Amino acid sequence: MNNIKLSKLWDSLHSSYWFVPTIMAAIAIALALAMLTLDRAGYYGPFEEWGWIYTGGPDGARGLLSAVAGSLISVTATAFSITIVALQLASSNFGPRLLRNFMQDTGNQVVLGTFIATFIYSLLVLRTVRGEDGQDEFVPQISVTIGILLALISIAVLIYFIDHASTIIQASHVISEVSTDLDRTIERLFPERIGRSLPERKRQVAEIPLNFDSEAHPITATGKGYVQAIDDEKLIKFASKHNLLVRVKSRPGKFVFPGSVLAMVWPEESANQQTRRVETRHGASLHKEINDAFILGRERTEQQDVEFPINQLVEIALRAISPGINDPFTAIRCIDQLSAGLSRLAQRDFPSPYRYDDNNKLRIIAEPVMYADLVDAAFNQIRQYSTKDVAVTIRLLEAIAQIAPYASSSKDRAALRRHAEMILRGSQAALSEEQDRNDVQERYHRVIKALGQD
């Protein structure tokens with residue numbers, strides 16, 4: 001993936017509450033300087049023609065700008081307080097891993113940026129108002145007019161914020177946003193071919209040396225954190241340049257620490273020679289070059305990790321069916337979104353783990369993402385925690401029946417059937433009412449029929 005580090009930087013900035021407000025504050029400073037320049041030049045342009053320009057004296061301008069600045073800083077503090085309360089509610093109701101989704105909410109960032117920008121603009125203009133009736137009197141009429149306009153915009157933004165803050169903490173909105181992240185991740189990653197991935201070729205195994213596992217040189221991690229992304233382009237170019245075969249041992253979403261094996265490099269002699277050569281010429285080792293291709297962070301992201309949004313939906317569902325909350329309807333909504341995501345994944349070509357360079361030579365053996373693993377991530381925990389909940393159990397089987405027509409691979413169908421059988425066995429053991437067991441049994445037969453295995 002090109003510009004992987006820039007993409008990671010943008011993701012970090014987008015997940016912060018300081019970036020957008022800072023940009024808007026800078027724009028407010030530039031706007032204030034520009035309007036004050038027009039005022040000093042005496043150019044009023046269309047403002048005067050349309051009768052929109054401020055015509056009061058210095059006392060009125062001071063009072064107006066002071067009122068705008070004083071009220072906006074109070075509103076900003078209130079907005080921050082509401083935002084913090086919303087984050088606390090999200091953490092307790094949906095899980096701490098969902099906080100990142102709230103931090104990425106552009107609406108909240110723009111609201112806070114608007115309030116701060118208007119406050120800064122009013123202060124900068126206020127400091128230039130001088131005199132009353134003397135020759136040094138200066139009333140920046142255009143600047144004050146723009147300040148009034150910004151105040152009106154801030155009022156509109158405040159109304160939007162009140163509605164937006166009450167919407168983003170609703171379970172339906174949170175589930176929809178996470179599902180959208182899952183859809184975007186599927187579109188971005190499947191199919192994804194880095195280098196020249198040739199899934200139809202039959203000679204991949206023959207190209208792997210027989211002594212690879214015993215003689216390959218391990219590359220260990222130098223940092224700690226979750227693998228957020230892997231710069232595959234950089235890795236394959238490096239392997240091609242130094243005539244190496246690299247087997248990646250960790251994929252995005254996995255946690256690594258110093259000493260964890262990130263990759264195995266073959267041949268060992270060549271790897272050691274390249275290490276010494278690179279150290280001599282560039283002051284960096286082979287370990288550093290490969291470590292630089294692995295982007296680590298404190299938390300998982302959906303940048304290259306399709307399992308992460310699936311886990312988020314599962315976490316919401318598990319909290320919903322916990323005894324303290326007991327909200328199966330929210331869990332059912334999560335299952336519906338999971339079934340939609342798994343249906344889309346079943347129709348996608350998963351990228352081959354074998355990556356070739358421009359000379360058709362095998363260079364990278366990636367850690368593959370399997371459809372069965374994603375099905376396990378989606379259904380395992382919900383199945384385990386909902387054995388006594390008839391509604392959730394039935395919805396799980398109905399979801400599998402919906403996914404089944406899209407699963408063309410025998411391995412994919414086998415994974416779906418395995419989960420249907422586990423759901424059936426768990427419900428038969430946990431449910432005491434015979435009619436409930438019969439309902440579950442009926443849904444199970446629908447799954448088998450949908451899989452074409454009756």
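A few points about this structure:
- Selection count where residues are within 16 Å of PHE294 (Cβ to Cβ), among the basic types (Lys, Arg) and surrounded by fewer than 21 Cβ atoms within 10 Å (Cβ to Cβ), scope region 355-370: 0
- For region 353-390, taking the residues that are aromatic (Phe, Trp, Tyr) and assigned to a helix (DSSP H, G or I), the one that is modelled with the highest pLDDT is identified as PHE379.
- Whenever a residue of region 182-198 is over 13 Å from PRO368 (Cβ atoms), its partners that are assigned to a loop (DSSP other than H, G, I, E, B) and at pLDDT 90 or above, lying with C-beta atoms within less than 7 angstrom and at least six residues away or across chains, give the pairs THR185/VAL306; ILE186/VAL306.
Residues are listed down the side, and each one gets a yes or a no for (1) over 31 Å from the mean Cα position of the chain (by Cα); (2) of a type in the set (Asp, Glu):
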position: ASP357; (1), (2): no, yes
position: ILE365; (1), (2): no, no
position: TYR385; (1), (2): no, no
position: VAL392; (1), (2): no, no
position: SER410; (1), (2): yes, no
position: ARG425; (1), (2): yes, no
position: TYR444; (1), (2): yes, no
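- Test: residue in region 214-225 that is part of a strand (DSSP E or B), modelled with pLDDT of 85 or more and closer than 21 Å to LYS8 by Cβ: yes
The values are calculated or read from the model by the stated rules, or taken from the named source; none is laboratory data. Keep in mind that this is a model prediction, so the values were computed, not measured. Neighbour counts run over all protein chains shown; Cβ positions are idealised from the backbone, glycine included.
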